[in-house]
Amino acid sequence: MQKTESLREMIHSLNFLVIAIWLMLPAYLPNNFAVLLGGGKPIDMGNKFSNGQRILGDGKTYRGTIAGTLGGIGSGLALNFIASSYPSLELPSFGEGKELMLVLVGLSFGAMLGDIVASFFKRRRGLKRGEALILVDQLDFVFGSWFLTLLLAPNWFLENFTALTLLTILIVTPVLHRITNVIGYLIKAKKEPW
Ligand code: CTP
Ligand code: MG
């Protein structure tokens, strides 16, 4: 009896982690799409800023940003389909109708924007494209996605992201980020393992 109770508790706490990661997948995936499909014209068009460094650098391209955003939105639609097909899993929905689009644009494009803003500050600090900036590299897209989603779909955001969910995401994301980037490096999709 006690054994089943503790097992249930374990699944319950694990479920909490699954939901936090699930909610962030449309924000986690865009950068992976950008790594795989990016390239071509850089957003800053090669222009430099006052400190003589590139505004953003060659690592931020139009193609990567568009592919990343569309990839994140597409993944979100697929996740919504899974959640509604298997209601017993009790996975959260990204909304319906107009709100669904606002939520997915907020999470996906917000993630891309956060990453772009971080590159701007990396260049201002004299860091070259691809150079690591600890915690900024791991969390820039998290804050970008939260910010834009809170702006575009505040009701959905506040209903789904509790303080505990936000804290879980802040702790789990750097770990997941590290794992995916090492994989990306090993399969040679990425130049650096961060
Ligand atoms: N990428 C892109 N467009 C974006 C984001 C990423 O094309 N908006 C592609 C680029 O090929 C980039 C790769 O994904 O090199 C890895 O992304 P990221 O690590 O964010 O860029 P870095 O090259 O490390 O550049 P930075 O130092 O500015 O972060
Ligand atoms: Mg990088």
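The values are calculated or read from the model by the stated rules, or taken from the named source; none is laboratory data. Every value quoted in this text rests on a predicted model; they were computed, and no experiment measured them. When we count neighbours, we look across all protein chains shown, and the Cβ atoms used for this are built from the backbone with ideal geometry, even at glycine.
Here Phe120 fits the description: surrounded by fewer than 21 Cβ atoms within 10 Å (Cβ to Cβ) and in contact (Cβ under 8 Å) with a residue 60 or more places away in the chain. In this entry, Phe94 passes the filter for residues that are closer than 27 Å to Asn181 by Cβ, away from ligand 2 (no atom under 16 Å from the Cβ) and outside any helix (DSSP H, G or I). Among the conditions (1) more than 16 Å from ligand 2 (Cβ to nearest atom); (2) under 15 Å from the mean Cα position of the chain (by Cα), Asn181 misses just one, which is (1).
Does at least one position in region 137-155 carry a residue that is more than 29 Å from Phe16 (Cβ to Cβ), part of a helix (DSSP H, G or I), out of contact with any strand residue (DSSP E or B) (no Cβ under 6 Å at 6 or more places or on another chain) and of a type in the set (Val, Ile, Thr)? Checked region 137-155: no residue is more than 29 Å from Phe16 (Cβ to Cβ), part of a helix (DSSP H, G or I), out of contact with any strand residue (DSSP E or B) (no Cβ under 6 Å at 6 or more places or on another chain) and of a type in the set (Val, Ile, Thr). One residue alone among Gly74, Gly57 is farther than 30 Å from Lys128 by Cα and surrounded by 15 or more Cβ atoms within 10 Å (Cβ to Cβ), and that residue is Gly74.
Applying the criterion of being near ligand 2 (Cβ under 10 Å from one of its atoms) and small (Gly, Ala, Ser) to the residues of region 112-151, the residue that is nearest to Leu166 (Cα to Cα) is Ala118. Just checking, does region 102-111 include any residue being under 22 Å from Trp194 (Cβ atoms), part of a helix (DSSP H, G or I), modelled with pLDDT of 95 or more and within 11 Å of ligand 1 (Cβ to nearest atom)? So far as region 102-111 goes, yes, one or more of its residues are under 22 Å from Trp194 (Cβ atoms), part of a helix (DSSP H, G or I), modelled with pLDDT of 95 or more and within 11 Å of ligand 1 (Cβ to nearest atom). Whenever a residue of region 162-190 is within 26 Å of Gly39 (Cα to Cα) and within 13 Å of ligand 1 (Cβ to nearest atom), its partners that are assigned to a helix (DSSP H, G or I) and of a type in the set (Asp, Glu), lying with C-beta atoms within less than 9 angstrom and at least six residues away or across chains, give the pairs His177/Asp137; Asn181/Asp137.
Of the listed requirements (1) assigned to a helix (DSSP H, G or I); (2) under 21 Å from Leu113 (Cβ atoms); (3) touching a residue at least 12 places away in the same chain (Cβ under 8 Å); (4) away from ligand 2 (no atom under 16 Å from the Cβ), Gly40 misses just one: (1).
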